[in-house]
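Quick notes on the structure that follows.
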Amino acid sequence: MTDIGTTGTAAGDEPPRTALVFPGQGAQKAGMGQAWRDTASWPLVAEISEHTGTDVEELLLKADDETLRRTDLAQIAVFTTEVLAHREAEAAGLLGEVVACAGHSLGEYTALYAAGAVPLAETARLVAARGRAMRACAERSPGTMAAVVRLGPEVVRTLVARVQEDGGQVWIANVNAPGAIVVSGTAEAVDRLAGLAVESEGKVIRLAVGGAFHSPLMAAAADELREALAAVRFAAAHTPVVANTDARPYASGEHWRDLELSQLTSPVRWEECVRTLAGELGCVRFVELGPGRQLTGMIRRIVDGALTVPVESAAALAKLTAPEPR
């Protein structure tokens, strides 16, 4: 379980099969753009601002944590930093032999961009539309999310079913890694599940999110996003992207409208996505592009011996690509 720079090979060896992975909403923090402010890719911020109708530079450099908790703004901010990280890592020659991409929730949109499935302008507009739809839906159908740790998926499914049998609206929203599951639903139902989890020797951590994401309570958001997705030109062929909803790799654009609509109301099967990348697609090196190292930690828990390359800042990238001392 190693953080590794460049390509991780000795001279003459085959380059390792690499997956690019992108984190989702929740990775944002105040001042997150400072890490990329002095890079050659920074003008992309103005470009994304134009496409989204949002002052992204203001978001990345001056917005406080409270502002960045707003769903639509958080998604644009995280997406932009991921695009910057991808462009800079590509220019530095860090990416290597990329055989597949994947992203966690929002990060799936950056994965589609990096895979060549959607141009930057259309991806940015789609991210903005998604954020607006999710925020509006959450205001109409309030909800919350919570992480359930120290319990396996079968136990959590049983507890969810118990709450549902009593009329509670709660569902599994993310299966992130062994013992790391997130539930989503109304505040009352999540509280009831939290009590049951503690009785089963689990632990529940409430998440500071703006709604019950990846649950049926987001159905109205899917309806609103449908029109925006219909206007997008997906590439006929692209680098495979492993989808959140079914953990299957897709290399053609024909599937993504339905997959992204389903993603809003279905669980993110991240653990299975990583197993598909490592198993079926043979990826041994995982480059995480964006703020924080959340996915790196999950991947290490899922794949024994995974080579992980977190790229969260220009400084980290410079360190990863610096020539080795002789």
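The values are calculated or read from the model by the stated rules, or taken from the named source; none is laboratory data. These figures come from a predicted structure and were not determined experimentally. Here Cβ is always computed from backbone atoms with ideal geometry, including for glycine, and neighbour counts include all displayed protein chains.
Here are some notes:
- Only residues that are in contact with a helix residue (DSSP H, G or I) (Cβ under 7 Å, 6 or more places away or on another chain) and under 21 Å from A114 (Cα atoms) were counted across region 23-36, and they come to 9.
- Unique residue being of a type outside the set (A, V, I, L, M, F, W, C), in contact with an Asp or Glu (Cβ under 7 Å, 6 or more places away or on another chain) and assigned by TED's automatic domain parsing to the domain that holds Q294 when the list is G96, G116, G103, G131: G131
- On inspection, E188 fails the criterion of being assigned by TED's automatic domain parsing to the domain that holds H51, part of a helix (DSSP H, G or I) and within 28 Å of R132 (Cα to Cα).
- Residue in region 161-183 that is crowded, with 22+ Cβ neighbours inside 10 Å, in a helix (DSSP H, G or I) and in contact with a Ser or Thr (Cβ under 7 Å, 6 or more places away or on another chain) present: no
- Residue ranges of helices (runs of 4 or more DSSP H) in region 70-157 with at least 3 members β-branched (V, I, T) and within 30 Å of V170 (Cα to Cα): 71-91
- Remark: E201 matches the filter, which requires a residue to be of a type in the set (D, E) and part of a loop (DSSP other than H, G, I, E, B).
- Looking across region 224-248, the residues that are within 25 Å of V183 (Cα to Cα) and either in contact (Cβ under 8 Å) with a residue 40 or more places away in the chain or of a type in the set (V, I, T) (or both) come down to E224, L225, V241, V242, A243, N244, T245.
- Residue check for A243: closer than 19 Å to R157 by Cβ, surrounded by 18 or more Cβ atoms within 10 Å (Cβ to Cβ), at pLDDT 95 or above and not acidic (D, E): no
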